[in-house]
Amino acid sequence: MKYVTLIFVLFSLTIHAQQASDYFPTDTGYVWYFKTVPLDTLNNEIDSLSFFEADSFATIAVYENKNANITLSKTGTESTLHFQPYLDSTYVNLDGSTGNIFFKIPNLDSLTAGFDSLFGDIAAFYNLLKSFEGWYPIYKFQSNVNLEYQIFNFDTTITYDTLVLPLRFELRGKRMADKTLETQIGVFDCKTFLQTFRVSYLVALPPPLPPLAIPLITIKDSIWIAPQKWIVQSIIPSTVFDLTYLQLGSFSIPGSKTIIIPEVISSIENNYINPTKLYLAQNYPNPFNPTTKIKFTIPEITSPNSIVTLKIFDILGNEITTLLNEQKTPGNYEIIFNSDKYNLSSGVYFYKLQFGDFLIVKKLVLLK
C-alpha cells in the first residue's frame with residue numbers, strides 16, 4: 001500500500017509541477033507593450049530618455065531544430081511606435097519546466113554595450129558574438145530558489161593593440177523567490193530570475209590547476225515572469241567597471257528598467273483626424289470585469305452613406321449586442337462595453353468593427 005501511495009504522490013507532483021508553457025500566452029496575435037527607462041550611474045530613472053517597445057506573438061514554427069514561439073519586436077518613441085516596422089525577432093522554446101531562448105546578436109546588445117570601444121576590432125568582436133548564437137536554458141521554473149545554474153561558459157582570446165587578453169565569457173541564471181508585481185495592467189504573482197553576465201580575465205596557474213578567473217565586468221539582470229504574460233519587468237542596474245588592472249582605464253554601462261504597460265496610444269494618433277485606414281485597438285483592460293474600453297479609428301469617408309458598426313459576439317458566433325451602428329466622421333473613438341448589461345459568463349468573446357468594405361475582428365476575455 002505504501003508503494004501505491006508513493007506513486008500517487010509522485011504522479012500528483014508531476015501533474016501540478018509548473019511548466020514553462022504556463023507562463024507564455026497561449027494564442028498567437030497577443031501583443032505586449034513596454035516602457036524602458038534608462039538609469040544614470042546612481043540608478044536614478046531618466047524619464048526624458050524613455051523609449052517604448054511593442055512585441056507581437058507572431059507564430060509557432062520550428063527554428064534551429066526546436067519548436068519556437070516567435071515574437072516580433074519594434075521600438076520607438078511614444079508618438080511613433082505604431083508607425084515603426086517590426087525589425088527584431090525573439091525565439092522561445094517551452095520544454096517542460098525550462099524556457100529556452102535562442103541567442104542572436106541583437107539579443108546580446110544590452111550585454112555588450114561599450115565592448116566595441118574596449119576591444120577595438122569590430123569584425124573580430126562580431127565573429128565572437130556570432131559564436132554565442134544558439135539555444136540556451138535561460139529560465140528553469142522548477143529550479144531550487146537561489147541555486148545558480150550555468151547557461152553558457154566560453155573561453156577565448158582577444159587581441160587589443162599589443163595586449164593579448166585570455167578571457168572567459170559566462171552567463172549564469174538563478175531562480176529567486178517568487179514576488180508579487182503591481183503594474184499598470186494588473187497585479188501578478190511572478191517567478192523571478194537573476195541573470196549574471198560576466199567577463200573574467202584568465203590567469204594561468206601551474207598545472208594541473210585550472211586558470212584563475214578574475215572578474216572584470218559583471219552585469220546583473222533581474223527578470224519578472226507572470227503567468228500567461230511572460231516577461232513583465234526587467235531591471236539592469238548601472239555599473240561602473242575599473243579595468244586599470246589591464247591598463248584599459250574605466251568605463252560605465254548605463255542601466256535600464258523595462259516594465260509592461262497598457263497599449264501605447266500616441267499623441268499623433270489622438271490628434272490625427274484624417275486617417276487613411278481603419279484601425280481597431282485591443283480592448284483594455286483585457287481580461288476585464290465588468291467593463292472594458294474599445295478604441296478605433298475611422299478613415300476618410302468616401303461615401304456619405306457609409307455606416308460604422310461595432311458588434312459583440314460569443315465564441316459560437318451568436319451576436320450579443322450592437323454597440324454602434326451609425327455614420328461617423330473621420331477620427332478616433334472610444335466605446336465602453338459593460339458586460340453586466342448582458343448577464344455574460346466568463347469566457348472568450350469577439351468584437352467586430354465594420355466600415356464599408358473594411359472589417360476587423362478581435363478577441364476579448366471576460367474573467368469574473
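Looking at LEU167, is it part of a strand (DSSP E or B) and out of contact with any helix residue (DSSP H, G or I) (no Cβ under 9 Å at 6 or more places or on another chain)?
yes
Would you please name the residue that is surrounded by the most Cβ atoms within 10 Å (Cβ to Cβ), looking only at residues in the stretch 149-170 that are within 33 Å of the chain's Cα centre (by Cα) and among the aromatic types (Phe, Trp, Tyr)?
Among those that are within 33 Å of the chain's Cα centre (by Cα) and among the aromatic types (Phe, Trp, Tyr), it is PHE169.
Mind checking which residues of the stretch 347-367 are surrounded by fewer than 12 Cβ atoms within 10 Å (Cβ to Cβ) and touching a residue at least 40 places away in the same chain (Cβ under 8 Å)?
LEU367
Only residues that are within 30 Å of ILE60 (Cβ to Cβ), touching a Lys or Arg at 6+ places or on another chain (Cβ under 8 Å) and among the charged types (D, E, K, R): list them for the stretch 24-49, please.
ASP27
Does the stretch 37-72 hold any residues that are within 20 Å of GLU263 (Cα to Cα) and touching a helix residue (DSSP H, G or I) at 6+ places or on another chain (Cβ under 9 Å), and which are they?
VAL37, PHE51, PHE52, GLU53, ALA54
Within the stretch 233-316, considering only strands (runs of 3 or more DSSP E) that don't extend past its boundaries, which have at least 1 residues that are modelled with pLDDT under 85?
Here the list reads 239-242, 250-253, 291-298.
Can you tell me which residues in the stretch 48-73 are over 15 Å from PRO25 (Cβ atoms) and buried (at least 18 other Cβ atoms within 10 Å of the Cβ)?
PHE52, GLU53 - these are the residues of the stretch 48-73 that are over 15 Å from PRO25 (Cβ atoms) and buried (at least 18 other Cβ atoms within 10 Å of the Cβ).
The values are calculated or read from the model by the stated rules, or taken from the named source; none is laboratory data. In this text, all values refer to a predicted model and were calculated from it rather than measured experimentally. Note that each Cβ is placed from the backbone with ideal geometry, even for glycine, and that neighbours are counted across all protein chains shown.
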